[in-house]
Amino acid sequence: MGEVRRSVSVTGGVAGVEARYDDLAIVSRTFATAAGDLAERSWRLHRMLADPALLAAAVLDPTGSAAFTATLLAALDGRHGLTWQAAAWGLTAGTVRGAAAAYLAADRIDDQVGPARAGLQQLGPAGHVVSQWRHPSRAPAGVLSGDPELVDAAVVVLTGFWSDRQLLDRAAAYPDGRPIVVATGADRGVEARHPPRTVADLLAGLARCNAPRQGGDIDVRFVLGRDADGRVRRRVIVDIPGTKNWNPSPAEPDPTSFGTNVRAITGSTTTYEAGVRAAMRRAGVRRNEPVLLVGHSQGGMVAVNLARHARSDGEFQVSDVVTAGAPIARIPVPRSVQVLALENDADVVPHCDGADNQDRTNVTTVTVHRDTGDPLANHSLEQSYLPGARDVDATDDPSVRGAVAGLRPFLEGTAVSTVTYHVERR
Amino acid sequence: MSGLDFDRLGQLALRLEQDAGALRARAASLRDAAGAVVWRGRGADAFRACVGGQAGALRTTAGRLDDAADALRRHARAARRVEEVAEAAAALGRSVAHGVRAVAGAVADAL
């Protein structure tokens, strides 16, 4: 991006847009340097706590030592402490670089469609609406949420010239802990006792698991139904909600925190995934029972990773995965696993991996159109993907119908029971 | 006696204050850098609001590091007082022991 020397000015949109790419690139580097400096400073200040002079003084005045340590740790690791800020400035640097890339991509599109747009605008109101398609002024809303397809281009710039192997190494280097799983009882709610019949019902079950609870809460649902030969068979649906905590600290107990995104997006194992597997084990899921994993956002990435790893070691027979708003393009999907991926075209998050989902018969990506005008709502399970799932149930597209037909054994149960678990990182 | 290095504790407190000053300077330079960018639009507004908030958070952290420096100086003074009391008690003990030994020697000589 360093050699980009053009600026773009655009009329129209809400307020028009003007951005100079090289300015954005420079300020992005400034922020990235600051992020590195803050991280280094935080690390150095942590090491100060092990200074021999402090240890000697603690023997003489333990109360004062504790007060000093608590004050310093609050400054470093507390809410909005120095460690958090190092990550926040790093993310801001990346976002600014992404914005520059999005503008650049939009500008190139604009160069290509500009003459055609001018012609369309001669056609009156209808032509004007068409001419606004992919207008650059939509790109920066909420920094990058206005035109999510541009984020793929942005991420390519963000990740620079890293190969997939390098990305994997960097992600795997992000520290993670080990899972602690606690059974939190049966879900005896009325809704939890209705076997799912549709894709929307599956996401409604995930939403019930997601809504009032804390990060790391998951559900294991046992669905009883009859096979074609009349025999009763048990199937398993596991609900895996997404990120509820953006703390970048590897010591964060919530397994849905930022680090899980970094690792999961490249296919690495995570504490969250290990915790879900442990919960399935604890719930008594058997090796020969078909399993459907349902995940939103980060939960979708964890679901695909779990399917891959469980298939590889044979612990669970994960046959199907349904994801909503999850960037899963970089995660290899085994051919024996059927994936139905819902993506809202107004949602930035599925584009965070900088690539399109694999175009394979066992990976069906359905794009729904649910633009609420609010970037957060566009990613929301309840506000966008649940209504989007109803659209999926209603469509007669043959690929979608085929994918939904593959889920039918999970949607024809006669009874369901749900047990809940809480996963923590230690 | 206890190994207390009062000067070193003072240096650490000074370093915390220097870090606090560096964070304030960094917050100002980052805010200025963001202000100098030619960027107009809704994304730019969100960007500047974000940078303003993060710069404010940096200044808050600088204040906390100053608090930590103050806490460290209080801790160092308290530790030094404890050490002084302990040294005085040890000196007193040594004097008493010396006196006892002197008296015992005199008694032995008299006998």
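Each reported figure results from applying straightforward, stated rules to the coordinates on display, with no laboratory input. Keep in mind it's a predicted model, so treat the numbers as computed, not measured. Backbone-built Cβ (ideal geometry, glycine too); neighbour counts: all protein chains shown.
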Least to most buried among A:Tyr385, A:Tyr272 (fewest other Cβ within 10 Å first): A:Tyr385, A:Tyr272
Segment A:292-426, relative contact order [Cα under 8 Å, separation at least 6], %: 19
Segment A:383-426: radius of gyration over Cα atoms, expressed as a fraction of 2.2 N^0.38 Å: 1.66
Segment A:190-346: Rg to Rh, with Rh as the Kirkwood radius over Cα pairs: 0.95
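Report, as an integer, the average count of C-beta atoms from other chains found within 10 Å of each Cβ along B:55-67.
Numbers: counts 2, 1, 8, 7, 0, 5, 13, 2, 1, 10, 7, 2, 5.
Shielding by partners across B:55-67 averages 5.
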Simple label model, 7 Å out from Cα along Cβ direction - A:Arg282 to B:Ala110, nm: 8.0
Pair-distance profile P(r), taking every C-alpha pair of segment A:234-292, with 10 angstrom steps and integer %: 22, 45, 26, 7
10 Å Cβ neighbours from other chains, averaged over peptide B:31-38: 5
Furthest towards positive pole of dipole, A:Ser384, A:Pro409, A:Thr364, structure part segment A:293-413, Cβ charges: A:Pro409
Principal axis box of segment A:42-81, alpha-carbon based, largest edge first, Å: 32, 19, 6
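Can you tell me the relative contact order of segment B:6-111? Whole percent, Cα pairs under 8 Å, sequence separation 6 or more. Provide the component values of the computation, followed by the final result.
Numbers: 49 pairs, mean separation 43.3, N = 106.
Relative contact order, segment B:6-111: 41 percent.
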Anisotropy class of segment A:327-426 from Cα gyration tensor, a/c 1.5 cut: rounded
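Going by how many other beta carbons lie within 10 Å of each one, how would you line up A:Arg193, A:Arg330, B:Arg31, fewest first? Kindly include the intermediate steps, with their values, before the conclusion.
On the way: A:Arg193 12, A:Arg330 21, B:Arg31 18.
Arranged by neighbour count, lowest to highest, A:Arg193, A:Arg330, B:Arg31 become A:Arg193, B:Arg31, A:Arg330.
About its Cα centre, what dipole magnitude does chain B give when the only charges are +1 on Lys and Arg Cβ and -1 on Asp and Glu Cβ, stated in debye to the nearest 20? Numbers along the way, then the final one.
On the way: 17 positive and 13 negative charges, 130 e Å.
Taking the Cα centre of chain B as origin, the dipole is about 620 debye.
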Cα-projected label distance for A:His46 with A:Arg408, points at 7 Å along beta-carbon direction, nm: 5.4
Largest-first principal axis extents of the Cα set of chain B (Å): 104, 15, 11
Residues B:Val37, A:Val423, B:Val85, sorted so that the one with the fewest Cβ neighbours within 10 Å comes first: B:Val85, B:Val37, A:Val423
Dipole of chain B [Lys/Arg +1, Asp/Glu -1 at C-beta], most positive-end residue of B:Gly3, B:Trp39, B:Thr61: B:Trp39
